[in-house]
């Protein structure tokens, strides 16, 4: 369910339009066999605080036997944080980590100079099917006091923090303060120089653009 600040402010409150710097409607992005709704980076905003990627899994409806299958893919220069409202997903990475992420838990993976991981629906959840709803990202003006009132049941996540110490270059899943480092990462993935994920034989090829 999408949400927004109630347009009728309390006495003395600012109007919602005065509090919101940017409204970002996530766009569908293919991760290789599965689409996510990506809010960051966008044409309106590259980062919010230290957050440079902001993806929502879904919306999607699964029939029995199907689920999310994000094949192994690489990252450099960032840390990924995965949080689920519903369902579960199995995380595997090139360090040999394998764990099931469930609602209420946080999975934090630091890529550093390079890591490869996959995210897939487990065996049991594929027996019931599942779905995810739409959302949007509101960027508020720094320093403002925010009051959110929903007219019906809603979920929302607040993220933020101090900005990075400088601009970052982004290409596919690679983030760096150096264009040369990103070019090296592209070539390393193209030439299969990254470590592999144990038990996985598939991978997402390097995009052509």
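Read-outs: derived from the displayed coordinates by stated rules, not from any lab. If you're wondering where the values come from, they're calculated on a predicted model, not measured in any experiment. A quick note on method: Cβ atoms are made from the backbone with ideal geometry, for glycine too, and the neighbour counts reach across all protein chains shown.
Centre-to-centre, using Cα atoms only, the stretch 101-116 and the stretch 167-193 are separated by 19 Å. For residue 184 and residue 110, what is the calculated FRET efficiency with R₀ set at 25 Å and r taken between the beta-carbons, to the nearest 0.05? For residue 184 and residue 110, the calculated efficiency is 0.85. Of 146, 76, the sequence from fewest to most neighbouring Cβ atoms within 10 angstrom is 146, 76. Consider a paramagnetic label point 7 Å from the Cα of residue 146 along Cα→Cβ; state which residues of the stretch 67-106 have an amide N under 18 Å from it. Label zone hits: 83.
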